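Just so you know, all these numbers are worked out from the coordinates, no wet-lab data involved. From a predicted model like this one, the values you see are computed outputs, not experimental measurements. Note that each Cβ is placed from the backbone with ideal geometry, even for glycine, and that neighbours are counted across all protein chains shown.
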Amino acid sequence: MPELRVPVRPDNAFEAYFRRLIRDSLVRSAEAEYDFHRRSGHGLRARRAAHVVTRAQALRQEPPTAGLPRFGPGLLVATGIAWIACGVVLAWVAVMFGVRSWVTGAADLALIVLTFAWFVVAWGSDIRLR
């Protein structure tokens, strides 16, 4: 069963409602699967489905943000500035060394890594990106 890791933003009532709706639908789906297998006489499948029901009910109880990284807005800004600086360096390296140089490839790889880092920081940040 997939684990829901949705950041909690209590300022939006729709998100809380949608999160609760998803959790409840997972529990109902797991319970329906358990009932189907139990009525069909499939003992092993029913036992596995009962385990899934237990995990889904535990998911309903505990908050889904346990273990999520939380980053402040300063790290998001710093990552954005580093990304822009890396883009400028990439453009300079491409002009100075050419497009097919290993230096340009390294700068391009650094820009890709910083792009991934920015998305990770933005995902774990407390602020909203609009």
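Values for this structure:
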{"read-out": "Most to least packed among 31-40, 47-56 [average Cβ atoms within 10 Å]", "value": "47-56, 31-40"}
{"read-out": "Distant-in-sequence amide H partners of PHE71 (H built 1.01 Å from N, under 5 Å)", "value": "SER125, ASP126"}
{"read-out": "Positive-pole candidate from ALA32, LEU44, ALA16, dipole of the range 13-61, charges at beta carbon", "value": "LEU44"}
